[in-house]
Amino acid sequence: MSLARARPSRPIPLAELLRFGLPAMLALVLAVFSALAPGFLTVANVTGVLVNSVALTAIVALAMTLAVASGGTDLSVGTAVDLGGLAFIAAVSAGQPVALAVLFGLLAGIGTGLCNALLIARLGITPFLATLGTLFIGHSLQQLATDGGNPLYVPAGRITPALAFIGHGTGLGVPLALWLVLGLGVGIGLLLGRTRFGREVLAVGVQAPVALYSGLPVRRILALIYGASGVIAALAGILLSAHVNAYVPYAGNAYLLDSIGAAFIGTALSRTGRANVPGTLLGVALFGFTTNGLLLIGWNFYWQQVGTGVLILLTLILAFAGRGRSG
């Protein structure tokens with residue numbers, strides 16, 4: 001018979017429970033809408049939400065997570081989505097191979113990121129203002145390239161199997177977009193959590209002046225972060241354009257607010273309030289399933305925005321209450 005005495009069980013602190021307000025809120029949303037809307041928690045509906053609503057928003061939100069982790073916000077992610085899609089579709093429509101068109105799309109994202117990097121690293125403009133300027137420049141470029149903002153459709157003869165695979169392809173039964181979300185999520189998670197560069201990014205995000213006085217190349221770090229953000233967002237633009245076989249002007253702006261919201265609401269999952277990949281993805285899922293659930297129960301579009309906003313505020317109130325108790 002063991003003489004070891006059982007350790008007395010300790011109650012879980014309320015602060016720890018409150019920190020998990022975001023996953024708890026997502027679970028509550030799933031439970032409530034599955035009860036109110038019979039078709040909500042079906043395989044077909046969940047798959048549709050993940051593919052059509054969550055996947056592309058998640059990719060853009062992961063790009064935003066990098067910016068938020070470094071202490072800023074990238075207002076040009078929607079522009080990078082649009083320019084990436086425009087360059088990709090223009091190349092496909094001109095008869096270029098799809099692989100080369102993808103490269104053009106990514107180069108458009110790199111150009112967006114380099115513009116931000118130049119403004120931030122060389123001219124010392126704050127990320128918020130720099131990316132705001134890039135947003136306006138990107139809008140003008142789209143208008144100039146499309147005669148005022150006309151959609152650009154791929155001619156029927158240019159729709160190849162390679163293009164169809166990017167827009168609708170699957171691997172092991174899972175859509176390509178979800179595989180990209182998984183790959184980017186793991187990559188960015190490891191970058192921020194397991195590498196020296198990631199620790200430097202987080203240090204800049206906590207207190208940039210202290211990081212600068214500590215010898216960190218703050219401007220170079222910010223330039224790399226915003227460059228990467230542009231490329232990742234352009235990838236979403238390529239997927240979106242391939243999915244509809246067209247470039248739709250300013251479609252990328254639809255992802256801007258959701259990506260900002262998901263990245264910031266995702267900080268609720270962190271004990272220290274930092275941007276993190278799991279929190280961002282949960283935030284995107286919360287947005288996607290809430291919008292879908294409200295649509296299924298027949299809420300007016302404007303009330304959908306109210307419902308989503310209330311959920312965000314409740315989640316953040318729980319998170320801040322948890323931090324207050326732990327502090």
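The values are calculated or read from the model by the stated rules, or taken from the named source; none is laboratory data. Quantities reported herein were computed from a predicted structural model and do not represent experimental measurements. Cβ atoms come from the backbone with ideal geometry, glycine included; neighbour counts cover every protein chain shown. Surface accessibility is based on the protein's heavy atoms, side chains included, excluding ligands, DNA and RNA. Shrake-Rupley method; radii C 1.70, N 1.55, O 1.52, S 1.80 Å.
Here the stretch 192-327 is assigned +1 on the Cβ of each Lys and Arg and -1 on the Cβ of each Asp and Glu. Its dipole about the Cα centre then comes out at about 600 debye. Taking the Cα atoms only, what angle lies between the long axis of helix 256-266 and the longest principal axis of the chain, rounded to 10 degrees? Taking Cα atoms only, the helix is inclined about 20 degrees. Computed over the stretch 17-154, relative contact order equals 22 percent, with contacts defined as Cα pairs under 8 Å that lie 6+ residues apart. To the nearest ten degrees, helix 277-296 and the longest principal axis of the Cα atoms of the chain are 80 degrees apart. A simple count of charges around T280, restricted to other residues whose Cβ falls under 12 Å of its Cβ and scoring Lys, Arg +1 and Asp, Glu -1, yields 0. Per residue, the solvent-accessible area of the chain (1.4 Å probe, heavy atoms of protein chains only, all protein chains present) comes to 50 Å². Residues T126, T315, sorted by accessible area with the largest first, give T126, T315 [1.4 Å probe; ligands and nucleic acids excluded]. For the stretch 228-302, the relative contact order is 19 percent, taking Cα pairs closer than 8 Å that sit 6 or more residues apart in sequence and dividing their mean separation by the residue count. The share of accessible area on the stretch 147-283 that comes from carbon and sulfur is 66 percent, using a 1.4 angstrom probe.
So what's Rg/Rh here for the stretch 168-324, counting alpha carbon atoms and using the Kirkwood radius for Rh?
Ratio of gyration radius to Kirkwood radius for the stretch 168-324: 1.00.
By accessible area, using a 1.4 Å probe on protein heavy atoms only, the stretch 11-110 has 77% of its surface on carbon and sulfur. Normalised by the number of residues in the chain, the mean separation of alpha-carbon contacts (under 8 Å, six or more apart) gives a relative contact order of 35 percent. Mind jotting down the distance between the C-alpha centroids of the stretch 199-222 and the stretch 111-176, whole Å? Result: 28 Å between the Cα centres. Taking the longest Cα principal axis of the chain as reference, the axis of helix 21-36 is set at about 80 degrees. In the chain, helices alone account for a calculated mean residue ellipticity at 222 nm of -23000 deg cm²/dmol, with every DSSP H run of four or more residues adding -39,500 (n - 2.57).
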